[in-house]
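Below: the structure, in structure tokens.
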Amino acid sequence: AILSVRRSMAGFRGPADIFRNPEAIFRLFEGPGQMLSVVNDPSPNLAQKDASPFMLSVGLKGDDFAIMGEHFKLGLYEHQSAGAIQGLLNLLEQNPGLMSENAEGQKISAIDITAYEPAFGIIGDPAKKDPTTRQSADHSMAYIISTLLRKAVQGGKSGWKELMLSPYDYSASALYDPVTRSLMEKINFVHGGPEYDEKYPDGIPTSISFKLEDGSVNDSGFIMYPAGHARNTTHDLEDILDHKFDMLSKIAFSAKDKDACLAKLTNLQEKSAHDIKTIYDFDIDYKDDFKDA
């Protein structure tokens, strides 16, 4: 986004018609208005070069707008891990004993996470059980779940707000925390097959289970709509988002400026044109307490 703004400021311009752009890459070989010939294709689609390559419906009334189906990330994590996070939080709430006298996660002998494609193949990739950068860590379901679990067993608390992942959870010290690393080794990923795959993207079909040292198994059950998902109706989304904004603003702003800066970014419907123009006019409080991996 920043690069795009900079290019625009420097005079870079895109197509005037973003939907029917005849020079768009996906129209080079397919058309309408195909620009290049495909080997062994005797009938290039050269006609109607100004036609839209797909149907576009513009809504002018009603409430079924795509924006109302958008999801929220309640902390810093890859979106497709939200189902596993919800399952983990459910398990901790149902089994509070896991957060007592379990500072190293020693009561848990194995963790199974069952997920759908593409989550299974992307953030469940076994190679991601050894993240070495914050970028690889926030796309590692093993790291995300293990970090949340470590915070729970060491802090004795659970919940979206209580365990919310911040930038500090991806620092060098967090990445190589010995308890987190130990918990990652206990994680096994399972592809749920068609039962799970067919329910995505309607939901985030995931389940997670713990095998405990006494041989018993705790299972989250099937998770479809975790907190933050557009179809979730069981969590106070606004309250959790307020906590997220407060957590991140404490990092970005000084204590005395935090509330004023947040106020600039809320109640947009009441802002004047000048308010919107100057919405990002504030000072960042740069801190030196974060060490990157």
Query raised in the report: If we scan the range 161-172, do we find a residue that is closer than 26 Å to Gly203 by Cβ, touching a strand residue (DSSP E or B) at 6+ places or on another chain (Cβ under 6 Å), surrounded by 15 or more Cβ atoms within 10 Å (Cβ to Cβ) and touching a residue at least 24 places away in the same chain (Cβ under 8 Å)?
Result: no
Report task. Can you give me the ranges of the helices (runs of 4 or more DSSP H) entirely in the range 56-145 with at least 3 residues that are touching a strand residue (DSSP E or B) at 6+ places or on another chain (Cβ under 9 Å) and modelled with pLDDT of 95 or more? Result -> 82-94
Query raised in the report: How do the pairs read when you match residues in the range 217-230 that are open to solvent by less than 40 Å² (accessible area, probe 1.4 Å) with residues anywhere that are of a type in the set (S, T, N, Q) and in a loop (DSSP other than H, G, I, E, B), using Cβ under 7 Å and keeping only pairs 6 or more apart or on different chains?
Result: Asn218/Asn95; Pro226/Asn232
Query raised in the report: From the list Glu101, Glu93, which residue is exposed (fewer than 15 other Cβ atoms within 10 Å of the Cβ) and free of Cβ contacts under 8 Å to residues at least 12 places away in the same chain?
Result: Glu101
Query raised in the report: Name the pairs whose Cβ atoms lie under 7 Å apart, with the first residue in the range 267-293 and at pLDDT 90 or above, the second polar (S, T, N, Q) and surrounded by 10 or more Cβ atoms within 10 Å (Cβ to Cβ), and 6 or more positions between them or separate chains?
Result: Asp285/Ser254
Report summary line: Only one of Ile122, Ile145 is within 18 Å of Glu104 (Cβ to Cβ) and in contact with a helix residue (DSSP H, G or I) (Cβ under 8 Å, 6 or more places away or on another chain), namely Ile145
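When the range 173-190 is examined, which residues are found to be open to solvent by less than 70 Å² (accessible area, probe 1.4 Å) and modelled with pLDDT of 95 or more?
Scanning the range 173-190 gives Ala174, Leu175, Asp177, Val179, Thr180, Arg181, Ser182, Leu183, Met184, Lys186, Ile187.
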Query raised in the report: When residues of the range 273-293 are filtered for being open to solvent by 80 Å² or more (accessible area, probe 1.4 Å) and in a loop (DSSP other than H, G, I, E, B), how many remain?
Result: 8
Requested in this report: Output the residues belonging to the range 247-266 that are among the polar types (S, T, N, Q) and in contact (Cβ under 8 Å) with a residue 24 or more places away in the chain.
Outcome: Ser254
Query raised in the report: Going by the conditions given, is Leu248 surrounded by 15 or more Cβ atoms within 10 Å (Cβ to Cβ), within 29 Å of Glu101 (Cβ to Cβ) and of a type in the set (A, V, I, L, M)?
Result: no
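The values are calculated or read from the model by the stated rules, or taken from the named source; none is laboratory data. Remember, it's a predicted structure, so these values are computed and weren't measured experimentally. All Cβ positions, glycine included, derive from the backbone under ideal geometry; neighbour counts span all protein chains shown. Side chains are part of the model used for accessible areas, which takes the heavy atoms of the whole protein and leaves out ligands, DNA and RNA. Shrake-Rupley method; radii C 1.70, N 1.55, O 1.52, S 1.80 Å.
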